[in-house]
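First comes the structure, then the notes that go with it.
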Amino acid sequence: MLGDLDEDPPEKGPLAFGTWLRVEKFVAIKVKQRGDEVTAEAVLIQMAPPKMLKLKTASFNLTRSNFLARADAFFSSLYRDVKIPTSTGDGKKGDQLAVAVARCNSDSDCAVGEICDGASSRCIPYAPEADAFYEKWWFWTIVGGGLAVAGGTGVLVWYLMQPEEGAIEFSF
């Protein structure tokens with residue numbers, strides 16, 4: 001399908017797909033993976049008038065620390081002028097990556113795992129609050145097991161403390 005999209009104007013099949021989606025623009029992506037290397041080819045299509053807006057190709061290494069930043073910049077570059085980071089991610093000082101989107105208006109402008117902070121209009125890491133220990137399954141398993149052991153021990157002690165049947169017990 002991507003072969004039909006890189007023509008200007010695009011073929012009727014992809015345009016019919018965009019019409020069916022009821023969108024003004026859409027992105028089609030073709031990805032090939034060979035080992036740790038991924039090659040992505042993406043095209044941004046405008047529906048009315050039918051026109052190919054951008055065609056981008058990039059290669060990524062899945063094992064590099066900057067893989068997600070490069071992928072985010074690649075997809076953002078279809079809509080904005082964003083330089084795709086070329087850092088090798090070897091951890092050297094000064095090896096910092098440029099953020100693909102400096103400001104945000106909604107969570108969809110941010111990368112995966114980030115949310116848009118309305119006050120500063122910046123993407124910040126999303127860290128949901130952890131559940132309290134008493135909301136975990138293992139806590140209630142321990143409590144239930146402890147109650148079962150305590151109840152079983154109490155019944156056993158009560159049973160062993162009973163006088164033998166037929167025995168006469170005198171108390172003064």
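Which of the residues belonging to the stretch 119-152 are assigned to a helix (DSSP H, G or I) and either touching a Lys or Arg at 6+ places or on another chain (Cβ under 6 Å) or among the β-branched types (Val, Ile, Thr) (or both)? Hits for the stretch 119-152 are Thr141, Ile142, Val143, Val149. For the stretch 8-55: of the residues being in a loop (DSSP other than H, G, I, E, B) and farther than 21 Å from Tyr79 by Cβ, which is modelled with the lowest pLDDT? Across the stretch 8-55, the extreme among qualifying residues is Glu11.
Residues in the stretch 100-111: is at least one closer than 19 Å to Ala73 by Cα, out of contact with any strand residue (DSSP E or B) (no Cβ under 9 Å at 6 or more places or on another chain) and either assigned to a strand (DSSP E or B) or not β-branched (Val, Ile, Thr) (or both)? Yes, because at least one residue in the stretch 100-111 is closer than 19 Å to Ala73 by Cα, out of contact with any strand residue (DSSP E or B) (no Cβ under 9 Å at 6 or more places or on another chain) and either assigned to a strand (DSSP E or B) or not β-branched (Val, Ile, Thr) (or both). In this structure, is Gln162 assigned to a loop (DSSP other than H, G, I, E, B), at negative phi and at pLDDT 80 or above? Answer is yes for this residue. Among the conditions (1) surrounded by 10 or more Cβ atoms within 10 Å (Cβ to Cβ); (2) closer than 30 Å to Arg103 by Cβ; (3) without any contact (Cβ under 8 Å) to a residue 12 or more places away in the chain; (4) out of contact with any strand residue (DSSP E or B) (no Cβ under 9 Å at 6 or more places or on another chain), the only one that Ile115 does not satisfy is (4).
Taken as a whole, the structure leaves Ile124 outside the set of residues that are modelled with pLDDT of 80 or more, of a type in the set (A, V, I, L, M, F, W, C), under 30 Å from Phe74 (Cβ atoms) and surrounded by 10 or more Cβ atoms within 10 Å (Cβ to Cβ).
The values are calculated or read from the model by the stated rules, or taken from the named source; none is laboratory data. Keep in mind it's a predicted model, so treat the numbers as computed, not measured. For neighbour counting, all protein chains shown are included, and Cβ atoms are generated from backbone atoms with ideal geometry for every residue, glycine included.
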